[in-house]
Each structure stands twice: as C-alpha cells, then as structure tokens.
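Values in this text are rule-based calculations from the coordinates and carry no lab data. Worth saying up front: this structure is predicted, and the values here are computed from it rather than measured. Here the Cβ is made from the backbone with ideal geometry for all residues, glycine too, and neighbour counts use every protein chain on show.
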Amino acid sequence: MNSTYSIHVYPFPETVSQPLFERFLFNETSHLKTQAQPGDQVLTFLLEGDGFTHARLVIFIVNDKGMSPRRATFGGIESYPEIPSETLLFFIQGVLDHLKKQGLTRLLIRSLPDGLNPELAALLHRNYLQAGFTVITTELNQHLPVNEPSIDHLLHNSTHRRLKKSLREGLHFEEWLNPDWAIVHAFITAARERKQRPMTMSLETLFASVTQLPNVFQVFTARFQGKLAALVVTVQINERILYTLYPADAAEFLDLSPLILVNVGLYQYCLTNQYQILDLGISTENGVRNEGLIRFKKNLGAITSEKHSYQFLFE
C-alpha cells in the first residue's frame, strides 16, 4: 500500500495536483479562509500516488479538537467512488495517526449528504465506521434532480395549483443582480424570526463571505408589483450542484406561496446552466424533523437522503 500511495500533510493553504475526485466549494482555499478563526490550526491531508491526488481532507484544530468543516454545511473527505476501500481506509488511518500525535482528544466530521453522490457517501460511511468513528447525528437532506426539461413532472398536484395561482395573480421570478445585501439580510432575518428560528450569519459575516467569494452567492426572488415577496440565496458548490442557503418569504404574501415560484424558477435556472442537482438543504435540526418543511420540499419533488456527522474519540 505505502509503495503506491503516500499521505502528505500541508499547512493551510495548499494546492492540489491532478485531483481525481469531485471538488466541493467548502474544501477549497477560498472558502476555507472564510471559515478559519483566529488561533485555528488548519491541516490539509492529501492521498497522492501515480501523479494524482486521490483524496483530500481539511481539518481545523481548535485546542484539543479537530473538525471538518469549521463553518460550512459539510466537509469531510473528498474522493471518488472507485477508490479501493482498503486505500481509503489507509488514508483515514493515516490521518488519525497524525492527529493523535498532535494530542487531539476527538475529531468531528460532517459529511456530504448522501444524495449528492450516493456511491461515494456509502463508501465513506463504511470506512468511517470501520476506522472507529461513530455517527452522532443524522440529518435529513432534500434535493431536486435536474434532469427533465420542466419541473412539472415533479410537482405535487397541490403545489402545481398554488404555482398557477401565484402566476395568475401576477407574481414573477427573477434573479436579483447586484443585490443590496443589507436588505437581503433583513428580509431573511424577519422571515426566520417569524418562524422562531435564529439568523445564523450576521450581516457583516454574510457581506464578508460574498466579498471574498465572488460569483458564488446569488439571490433569486419572487416579486409582486415590484415588491419583494420571497427570495432564496444560493451558493454554487461546484459546476454540478447549486445549494439553497437561505429561503425566505414575506408574511403578507404567504397566500401566494411565493417560495414555490422561486424554487420552480431555480429549477429552470439550473437546467439552463447545466446544474444536475438543486440542493434544498436539511429539513431537520439535530435530527429533529421539521414536518412542514419536509412536506413542502417533497411536494416540489425533492428526494430525501441522509447526512451524517461522525465522531472519533482518541484514546
């Protein structure tokens, strides 16, 4: 094994030579810089061999704890489904051996939702468990496969009726170019407070992320006579996956179901721009189901998959 593959550890940031795996935004240097906090130690582990990079894992070390990601929807190992299981296990064990020497007491990994790459997720799950990790949280994630010329075949009849009503009443979908991020943040905050959910990013943090990650964040809206009825902030995870970070609607337009229109418009946007998956995010919080949200996404045609968080305790 060691004669073919080697594990290299780099201080942050690093360059990846000839990666064989699908890359995700949350493990790229540009996004890692937005996650890092003062005092963090950041290590990048690469599995390399035959001139290629076969796997990558970025770990943030805070005191005696390691984590991936630090602040993002997921992190964990990037690799490819065809990598031999024993090779992946060799990589995981090498990472654990190195971190143990660093004096860590535990390692937390929040892995990608299964639905984004089912074969890879299953391979990672088996090997995490074989290496001694345990699952500490399982969230439900929902996504739309973008593989037909129209979303109509996915929509539940009730959702289709609401969509027709919103269009008949004059609601229209559009991308908000050069958005006013203060207005966006205030709109999202108000919608989340109405549902008794805290806002997870300050305006300063959101604006810093948008500034540091140009062309990654977009805002799509539903408007009624020019007035904002709903919006969704999206994040480009890679050229295949678009992620809905913040959906929000205004109380006065709830009878028009404006978020249905935004999601339908986003499906068409994904189709036009050759995305294969519209990731609608998790519908649980610490494993607790939000039945209304699950039903809303299911009625859009969403597929449900699991998203695991793992823990390894060092002896």
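Things to note:
- Label positions at residue 18 and residue 205, each projected 7 Å from the Cα along the C-beta direction, are separated by 4.0 nm.
- By average C-beta atoms within 10 angstrom, highest first, the peptides 269-279, 193-203: 269-279, 193-203
- Globularity index of the range 1-129, i.e. its alpha-carbon radius of gyration over 2.2 N^0.38 Å: 0.98
- Most fluctuating residue given options 22, 169, 14, as computed from a GNM of the chain linking Cα atoms under 10 Å: 169
- Going from the fewest other Cβ atoms within 10 Å to the most, the residues 246, 80 appear in the order 80, 246.
- Each Cα pair under 8 Å and six or more residues apart adds its separation to the average, and for the range 148-275 the resulting relative contact order is 29 percent.
- Residue 6-residue 37 FRET efficiency (beta carbon distance; Förster radius 22 Å; 0.05 resolution): 0.10
- Where N is the number of residues in the chain, Cα Rg divided by 2.2 N^0.38 Å: 1.05
- Here the simple spin-label model places points 7 Å from the Cα toward Cβ, and for residue 174 and residue 63 these points are separated by 5.0 nm.
- Computed from the C-beta positions of residue 196 and residue 289 and an R0 of 22 Å, the FRET efficiency is 0.85 to the nearest 0.05.
- Most fluctuating residue given options 206, 25, 108, as computed from a GNM of the chain linking Cα atoms under 10 Å: 206
- Built amide H within the under 5 Å cut-off of residue 52, gap 5+: none
- Lysine pairs in the chain whose alpha-carbon atoms fall under 22 angstrom of each other, counting only those eight or more residues apart or on distinct chains, come to 15.
- Highest GNM mean-square fluctuation among 190, 182, 230, for the chain modelled with Cα contacts below 10 Å: 182.
- Calculated from backbone phi, Karplus (6.51, -1.76, 1.60) coupling profile of the range 205-218 in Hz, x at Gly/Pro: 5, 4, 5, 5, 5, 4, 5, 7, 10, x, 6, 9, 9, 9
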